[in-house]
Structure formats: structure tokens, C-alpha cells
Amino acid sequence: VPEHVWRINVDPPEEAQQSLSFGAADRWWEQTDLTKLILASNKLQGLSEDVKLLPALSTLDVHDNQLTSLPSALGQLENLQKLDVSHNQLRSLPEELLQLPRLRSLLVQHNQLSQLPEGLGQLLSLEELDVSNNQLTAIPSSFALLVNLVRLNLACNQLKELPADLSAMKSLRQLDCTKNYLETVPPKLATMASLEQLYLRKNKLRSLPEFPSCKLLKELHAGENQIEMLDAENLKQLSSLCVLELRDNKIKAVPEEITVLQKLERLDLANNDISRLPYTLGNLPQLKFLALEGNPLRTIRRDLLQKGTQELLKYLRSKIQDDGPDPNEESPVTAMTLPSQSKVNIHAITTLKLLEYSDKQAAEIPEAVFDAVGSNAVTTVNFSKNQLREIPPRLVELKDSVCDVSLGFNKISSISSELCLLHKLTHLDLRNNVLTALPEEMEALKKLHTINLAFNRFKVFPSVLYHLPALETILLSNNQVGSIDPVQLKGLDKLGTLDLQNNDLLQVPPELGNCENLRSLLLEGNPFRTPRAAVLAKGTAALLEYLRSRIPS
């Protein structure tokens, strides 16, 4: 930087050396001090400490240079409001930076920072902070003090967790955590009452975070994670949501409760494992964009998907009318409703055909829950996250209509005969219980196409599963299964997904390669020697081919 730039406030201009008479326009001694200095997109490798000679600077922009460090004299620019040092080669920020009381915008993206100054929270006036595209592995806890921060960009770093203290940022409207290594989001973040946009794309999230207080959240971007299920409870809290982006995850089902998102304009569910959609999706009044390509949808023809969102919504609405009971026959919910029924969501029963009593830690399902069903045809039952030790006997009352039963996260140790009478059952979720076996009577569930038995105590592959011809998905991860029968599995010609991760398989029978309908075969985390991890990593098609090549001829 030319020397006279730094001294522009100090030295009289050259023409003052000559004895000229000055007109009013040239009264250089009345000039105001320099307030903006833009040195962007040059080849600067350093900045002089003389920057302190420009104390009136409010903006200093040196982005896109080759700076490896910043002068400590920056700390003397007490009027500085905007500092842009992005796109350089900085490895650290000087502590003196923390002395800038009026700094409102600090842009340090695209550098080589592996840590931030611990005292960064002293910049109390900060409204915008961009530290994206660095090598940060942690965030200083003092961030919690940045109560005026409106935009925070942490994208493209190496963060494995976010400090719960971020929840103290009461003004934060936009938080970008794209492309890190986050597996969870601290529940406390849900208290960020001003948050409007949250970007969590390209992380390692397994479930959608809960946001009870984020009443203003308008955009949630969580594509390219490992999310497997959408919790109906979480959706209910997002009443202001306009954009929900969940593409490239492992979502298997969309809950009927998605219809509570009345302001939703864009819903992106492309490239997931969704096999069916709630028809009520057609009733979302503001929905303008719906992406579903790359899902194994069975109820919607591919040509319909290509006709665009409006045609698709029209089709879904038409199916509601085909499907639904006559709304005039609804039993009126009036002051006569029993108080015990008030904890049952009557609206869900009548309009969504959903009977829900989940996350209550209940040892049994109250009679009032079943009584509330009345003559309504319930298709979905969710009794997950309780303390149930057995299948609720009154479930059998719903046998003529129920297709989807969720009893995950309980303490169920055996399956009673009542469950085997639910002849319309297509989806059964029993994950996270203490089951060791399934009864042969389950053979009666001829329509069952998805069963989730993950995180139980099975030591052997339940033999009744070999006799359920409609099965398309068997999820048996995190048990102690020691062997499988490839010949009987081949008989399940609709089976597309078999998850046996984290079991006790000592060997993989080569004949399993003959199950050519398998689209997803997951075997990681078992003690077998072959196939080796490198083969597993190539995906299902390559794995099946490898197994076939090892069948003795």
C-alpha cells in the first residue's frame, strides 16, 4: 500500500508546498478524515501498522489478497464498523481485534483459521459474523455474549458439535452450519426465538432437531444428512415454516401431521426412501413446489411426478375424496366430550385417521384413547416412546382399518396374538424394545411390507419373516442375529431392503448374492472376515455380484 495512503489524514497535500492562494473549494485543512478504505482484490501480503493513522475509518475492505496476518494496530481503529478480510491466507486473528467497540460486520470466510480468539464475545456490537470455509473444530463459548448478532455463518468447517450457549443469541435470524460434521443439534438451540433461517445441509444428522420456541422459523434446510424419520411432534412446532428442504436423506415416511405446516411453500423430499405419501399433502394451501424424484413411490406413477407440483397436488386431493369418510358423519366434539378424552387428539382421529398416544412414558394406553375412536376408521396408530410391556389388547378393535402401527421405544418383550389379527397391516415399527422372538401366527399378516425390529434382542433371524411374501423392507440392525438362510430369503421376491448392521454374523453365505431384487443390503458392523469393508463400501449391486462369484460351482 503506498505510504501516502496511510498518511492521507496527516500530511498536507503537495500543492500546499507552493505558495498559492487557496479558493474556498481547496481548503484542504478542513477536509474530513478518511472513513472508507477499499484495497480488495490486490496482491497484498501484509498491512502496515500505520493503519492506526486512519482513526476515523468505519470500513476497511482487504478481501481477496494474500494476507497471512493482520497488524495489531487494527485494535486502535475505534470507529471501525465493517472489516472484510475474507479470501486471504490468515491462520489467526490478532487479539487486538477484540478492542473494536463499534464493529458491526466481521467477514473472515475463506481463510485458514483453525481457531477463533476466545474473547470474540467482547465484540458486543457485532451483527454479522462470517467464519465459513475455514478449518474450525470448535466455537468459543464467549459467542453467547453476541446478543446483537443477526447473521452467523459457520458453514464448511470441521465442527462436530455446536455449543448450547449459542441459544443466548436472542437476535439471531440466520444460522448457517452447512457442511460440517454435526450429528446432533443441542436442544437448547430451540429457544432461539428470532431464528428465521437455519441451514444444516451436508452434516451427519440422524433426525430433525426439535424447535419448540422457534415460532418465526421460515426456512429449514437439512438436505444431505442421514435423517431416517420425521417426528410428527417436531413438525407441529414449525407453524411459520415456508421452506422445508430434506433432499438426499433416508426418510422412509412422511407423517400425516405435515399438514400442520399451513404456510409451507416449498417442500423438497427428493432422493429419499419414501414409498408412500399422505394424500392430505394435497391440502397444503400455499404449496408451490414439491420435489419427490428419486423415491421408491408405489402409489404415484412416474409420469405424474413429471407433470409438476400443481398436477400432483390435484391428484393427491382427488385421492382424499376417494378415500375419506363422509365428513358429515363425524361425531361432533362438543362440551359433552369426556374430560378424559381431552388428552386424545380427536381432530387427528377424524381428519388424519391417526390415533396417537406417544412420548407419554405410560405403562399402558388409557381406555379413553380407544374409546375416543368411536366409529372412525383409524389407519395409523402411534404408541411409541412409552413404557409398554405388552401389545395393547384393544388394538384388535381397529383390525378392519389399521395399516400402520408404531410401538417403538417401549419395553415390549413378546408379541401377543392380538397383533396377528390386524390383517390390513402394511407397516409395523417395533424398534427399541426387548423382543427375542416373533410368533408363527404373524404369518397371517399377508399385507405386511415393512417391519422395523432394530435395537431388540433377537439372536436368530425370526423364521416367520420368511413366510411373509409382501415384505419389501426388513430392518433388523443392532440385534445379535448370528445367521440367515439365503434360500428362504430368495423366496421373498419383493424384498428390496435388508438391514442387518451391527449383529453377530460370523459369515455371509455366498448364496445371498442370488437375492437379486435387493436394492439395499446393509451388513456393516458384523464380525465376519469376508466380504471385506472395501467390498461393502462399493454398494449393494457390487456386493451381490461379489457374493455370487463365491458360490461353489
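Regarding the stretch 346-549, what are the three Cα extents along the principal axes, ordered largest first, in Å?
Extents along the principal axes, in whole Å: 57, 28, 28.
Measuring with a 1.4 Å probe in the full set of protein chains, what accessible area per residue, in whole Å², belongs to the stretch 201-319?
With all protein chains present, the stretch 201-319 gives 43 Å² per residue.
Place a +1 charge on the Cβ of each Lys and Arg in the stretch 477-540 and a -1 charge on the Cβ of each Asp and Glu, then give the dipole magnitude about the Cα centre in debye, rounded to the nearest 20.
So the dipole magnitude of the stretch 477-540 works out to roughly 200 debye.
Karplus couplings for the stretch 72-83 from phi (6.51 cos²θ - 1.76 cosθ + 1.60, θ = phi - 60°), rounded to Hz, Gly and Pro as x?
Karplus-based 3J(HN,Hα) across the stretch 72-83 equals 5, 4, 3, x, 8, 7, 6, 9, 5, 10, 9, 10 Hz.
State in Å² the accessible area per residue of the stretch 346-549; use a 1.4 Å probe, count heavy atoms of protein chains only, and round to the nearest integer.
The answer is 43 Å² per residue.
Between Thr35 and Arg302, what is the spin-label point distance in nm, taking each point 7 Å from the Cα along the Cα→C-beta axis?
Spacing of the two 7 Å Cα→Cβ label points: 6.2 nm.
Rounded to whole Å, give me the distance from the Cα center of the stretch 520-553 to that of the stretch 443-512.
16
Convert each backbone phi in the stretch 90-100 into a coupling constant with the Karplus relation 6.51 cos²θ - 1.76 cosθ + 1.60 (shift: θ = phi - 60°), then list the ³J(HN,Hα) values in order as whole Hz, x for Gly and Pro.
5, 9, 7, 10, x, 4, 4, 4, 6, 9, 9
Assign unit charges at the C-beta atoms only (+1 for Lys and Arg, -1 for Asp and Glu), then state the dipole size of the stretch 201-319 relative to its Cα centre in Debye, rounded to the nearest 20. Can you show the working numbers first?
Values: 21 positive and 16 negative charges, 54 e Å.
With Lys and Arg at +1 and Asp and Glu at -1, about 260 debye.
Once phi is turned into ³J(HN,Hα) by the Karplus curve 6.51 cos²θ - 1.76 cosθ + 1.60 with θ = phi - 60°, what whole-Hz value does each residue of the stretch 153-165 show in order, with x for glycine and proline?
Result, ordered by residue: 10, 10, 4, 6, 10, 10, 6, 9, 8, 10, x, 4, 4 Hz.
For Lys494 and Ala534, what is the calculated FRET efficiency with R₀ set at 25 Å and r taken between the beta-carbons, to the nearest 0.05?
It comes to 0.25.
What relative contact order, as a whole-number percentage, does the chain give when Cα pairs under 8 Å and 6 or more residues apart are counted?
Computed over the chain, the figure is 4 percent.
If you split all Cα-Cα distances of the stretch 80-124 into 10 Å bins from zero, what percentages do you get per bin, shortest first?
Per 10 Å bin, starting at 0, the Cα pair percentages come out as 27, 60, 13.
Return the distance in nm (one decimal) between the two label points of a simple spin-label model at Arg91 and Glu545, each offset 7 Å from Cα along Cα→Cβ.
Result: 4.6 nm between the two label points.
Against the globular-protein guess of 2.2 N^0.38 Å, express the Cα radius of gyration of the stretch 201-319 as a ratio, rounded to two decimals.
Taking N as the residue count of the stretch 201-319, the ratio is 0.98.
Among Leu159, Tyr181, Ser239, which residue has its Cα furthest toward the positive end of the charge dipole of the chain, with +1 on Lys/Arg Cβ and -1 on Asp/Glu Cβ?
The Cα lying farthest towards the positive end belongs to Tyr181.
Per residue, how many Å² of accessible area does the stretch 38-99 show with a 1.4 Å probe?
Solvent-accessible surface per residue comes out at 45 Å².
Taking the chain as the reference, fit the longest principal axis to its C-alpha atoms, fit the long axis of helix 540-549 to the helix C-alpha atoms, and give the angle between the two in degrees, 0 to 90, nearest 10.
60
Helix 309-323 sits at what angle to the longest principal axis of the chain, using alpha carbons and giving 0 to 90 degrees rounded to 10?
30
Using the Cα atoms of the stretch 75-176, I'd like the radius of gyration and the largest Cα-Cα distance, Dmax, both in angstrom.
When restricted to the Cα atoms of the stretch 75-176, Rg and Dmax are 12.4, 36 Å.
Using the Cα atoms as the points, what is the convex hull volume per residue of the stretch 439-509 in Å³?
76
Size of the dipole of the chain about the Cα centre, Lys and Arg at +1 and Asp and Glu at -1 on the beta carbon, nothing else charged, in debye to 20? Numbers along the way, then the final one.
Details: 58 positive and 68 negative charges, 255 e Å.
Approximately 1220 debye in magnitude.
Of the GluC sites (Glu not before Pro) in the stretch 441-525, which ones lie in a loop per DSSP and count no more than 13 other C-beta atoms within 10 Å?
When the GluC sites (Glu not before Pro) of the stretch 441-525 are filtered for loop state and at most 13 Cβ neighbours within 10 Å, Glu516, Glu524 remain.
Tell me, what % of the accessible area of the stretch 346-549 is carbon and sulfur with a 1.4 angstrom probe? Each step should come with its number before you reach the end.
Numbers: 4400 of 8840 Å².
C and S fraction of accessible area: 50 percent.
Find the centroid of the Cα atoms in the stretch 28-67 and in the stretch 397-437, then give the distance between the two in whole Å.
Cα centroid to Cα centroid, the span is 69 Å.
Have a look at the chain and give its Rg and Dmax from the Cα atoms, expressed in angstrom.
In order Rg, Dmax, the Cα atoms of the chain give 30.8, 110 Å.
The values are calculated or read from the model by the stated rules, or taken from the named source; none is laboratory data. Because the structure is predicted, anything quoted here is derived from the model rather than measured. Note that we place each Cβ from the backbone using ideal geometry, even for glycine, and neighbour counts take in every protein chain shown. Calculation scope for accessible area: heavy atoms of the full protein, side chains included, ligands and nucleic acids excluded. Shrake-Rupley method; radii C 1.70, N 1.55, O 1.52, S 1.80 Å.
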